[in-house]
1. Among DSSP beta bridges whose residues both lie in the protein assembly as shown, state the antiparallel percentage, nearest 5.
2. Going through the cross-link list B:Lys39/B:Lys184; A:Lys145/A:Lys235; B:Lys396/B:Lys448; B:Lys39/B:Lys110, which pairs have a Cα-Cα distance over 28 Å in this structure?
3. In Å and from the alpha-carbon atoms only, list the Rg and Dmax of the protein assembly as shown.
4. If a/c stays under 1.5 just call it rounded; otherwise compare a/b with b/c (prolate if a/b is bigger, oblate if not). Do that for segment B:46-143, with a ≥ b ≥ c from the square roots of the Cα gyration tensor eigenvalues.
5. Among the aspartates and glutamates, which have Cα under 13 Å from the Cα of B:Lys50 when same-chain residues fewer than 8 positions away are ignored?
6. At what distance in nm do the modelled label points of A:His62 and A:Val213 sit from each other, each positioned 7 Å from its Cα along Cα→Cβ?
7. Would you mind getting me the FRET efficiency between B:Glu440 and A:Ile43? Use the beta-carbon distance for r and R0 = 45 Å, nearest 0.05.
8. From the square roots a ≥ b ≥ c of the eigenvalues of the alpha-carbon gyration tensor of segment B:363-446, which class results: rounded (a/c under 1.5), prolate (a/b over b/c), or oblate?
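Nothing in this text is a laboratory measurement; each read-out follows from the coordinates by a stated rule. The structure presented is a predicted model; accordingly, all values stated were derived computationally and were not measured. All Cβ positions, glycine included, derive from the backbone under ideal geometry; neighbour counts span all protein chains shown.
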Amino acid sequence: MSEIKIEVLYSEYANLFGDLMNIHYLGKCIPQARIIYTGLNDIPAFTKETVSMIYMGPMTEHQQELVIQALLPYKEQIQNCIANNTVFLLTGNAMETFEAYIENENGSRIMGLNLFPTYAKRDMFHRYNSLILGEYQGITLVGFKAQFSHSYGDNYHCYFYKVLRGDGLYPGSQLEGLHKNNFFGTYTVGPFLVENPLFTKHLIKLMGISNPVLAFESSIMEAYRKRLEEFQNPKLRFH
Amino acid sequence: MKKKTLRFQLSLLISNLAMHMQKLLGMNASYFPGKLAIKLCPDFLGQIEKPETIICVTGTNGKTTVCNMILDVLTDHGYDVLNNKAGSNINAGVASSLIAGSTITGKAKKKVAVFEIDERSSKLIYPYIQPDFAVCTNLFRDSIHRNAHPEFIFNIISGSFPKNAHLILNADDLISSALSPENKRTYFSIAKLDSDLKECINIINDMQTCPNCHETLSWNYIRYHHIGNAYCPTCSFASPPSDYIASLDFSSHTVTILAYGKEETYPLVSSSIFNTYNEITAITLLREFGLTKEQIFASLKKLNIVESRYSSETVNGIEIVTHMAKGQNPIACSCVFDYVRQESGQKEVILMLDDVFDRDGSSEIMTWIYDADFEFLNSELIHRIIISGVRSADYKFRLLMAGVPESKLICTQKEIDAPNHLSLNGTEKVFILHELYAAEEAMRVKDKVKEAIQNRRNSNV
């Protein structure tokens, strides 16, 4: 098996809502993995070498604009990585940087990488907080959403998971996130891989480890089962 | 003064009646009358007469403590101060305070007001309330539900502070120190401490890079998170120079402040660094307000941090400390964990951090625990951590990720059962860290800890 390299993009900014714990947890689960932290003024590792996974977490609205400017020169390499089945995980509003554009309340637009046909609209006056329950390839997913923006457009052919309760890409949508080959993007925050240990196993398998063993497996599964039980309770408030 | 409309007069009359009714019924009249007044007259805050001098205090952490300190010192020196201490810190709370502090015709009865202001409510309050002094304690990450991230809150406050307000700001906080750059400002800071670091050891540091050129910042010293003194190695960006520089002496429990070329010494009211920041904030404001150092000194000697946030009691040689650790707020919790870590002696910790409101029909958004430095509880001197509440499985996993051995962790669903699991074997201190709204439950837990210590002593006799 080749060396597992996980590249974390712009962690000095893209680190809101505890989402870097996604990487710390992967590091515990795959102790042999090399984790590369790429800063905004750095040249990304994926442009120079093969990486197993690229991760980017949620950030502020201003930082989204900085990140888009930093990634635009590497758009073609990113497309190649997605085509070559590199694992991507983008959580929170990091996903929006890969969409067509982000629209402000006044109608002005920040052009994105345009790797997906959807677009985001900001509403800084209304914070959207919700729980979400979904299903991906037989894995029941749980999560939290806390955001100012939603994405719109058609993700029918590129959604990440079906929503069982809560909202998907936008209020009323039953399809959450973006998915293409091994690219996964979701608005879910706070760290998605910790909340969903069964998906974490799936993700590790995609990186070439056939029988992954999770760190603190019994404890993380206990927390997952407890949350799942709550989320499946029809009386639970999701908003 | 804005002309009072008939609509205003009516809303004042009705809200006054509502306030008196609530008081007659024994209810807390600190929110509803103001809400009603604003509903009836949307610019009610603009039309009601205000005290001559207004002090507003905002910020992520410490604003209540700072307000209380300012209020206590001013009251101690004969000022009759209007305040919203008993109620809400949003626009309705401020309106209720102003109603309570005015005559039936809307004239202000008091000359000075101290208002605690919720950060997000800034844009609803400052268009109508023109503070003479606006204090910002600090800006950090807070609840993701309401506050999202510091940049969001910064933009709200910075865009709301009235141009004539004299700002009192923390020079050690590179975020809040940049608020409203056109305003008159006075900075305070705490001089380098022996315990300061060169690199941040916290999970959260929201000022890692220069806002101008995005280069990684260098730190002359860093205290916690983004609190410290920094500069950009490639451009001119740096922490602002401070007007009030505090030097701490924990051995003599004093703080010496250098301001305008003169040194002034005051008693330290707390041994924790975050409460010391609160004290320096209050002192800076009070000096700029016009009190003498002698006046402030005399009042500070009598001050204590409010009991509901911190208490300490020794039973049979074991110190029991209760400390509020505001849930959903990773910075506040990290500071408390750091404080526990730095306390001497063999310790046991009871965690009761669940959000009491989310328990009722929802499930708490737990993202914040991955921003909080639970790593500070991974200490050889902490030999047991009892995790209580419905979210105990989440906290257990978080503590395992922090490196705490599983053998030290005990989970219990009910907080009141936590004291049953204390070992009290060689224990010198028991810390009860509780969520903001669990103060009463924490006192019940504390009583049970006292019982457990007594029982253990009796069984040993």
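1. Working: 53 of 115 bridges.
Of all bridge pairs located within the protein assembly as shown, approximately 45 percent are antiparallel.
2. Numbers: B:Lys39/B:Lys184 34 Å; A:Lys145/A:Lys235 19 Å; B:Lys396/B:Lys448 23 Å; B:Lys39/B:Lys110 25 Å.
Violating the 28 Å Cα-Cα cut-off are B:Lys39/B:Lys184.
3. For the protein assembly as shown, the Cα-based Rg and Dmax read 26.3, 82 Å.
4. Working: a/c = 2.02, a/b = 1.31, b/c = 1.54.
Oblate shape, in that a/c is at least 1.5 and b/c is the bigger or equal ratio.
5. B:Asp132
6. Label-label distance for A:His62 and A:Val213, simple model: 4.7 nm.
7. Numbers: r = 56 Å, r/R0 = 1.24.
Given R0 = 45 Å and the Cβ-Cβ separation, E is 0.20.
8. Values: a/c = 1.63, a/b = 1.04, b/c = 1.57.
Oblate is the answer for segment B:363-446, as a/c is 1.5 or above yet b/c matches or exceeds a/b.
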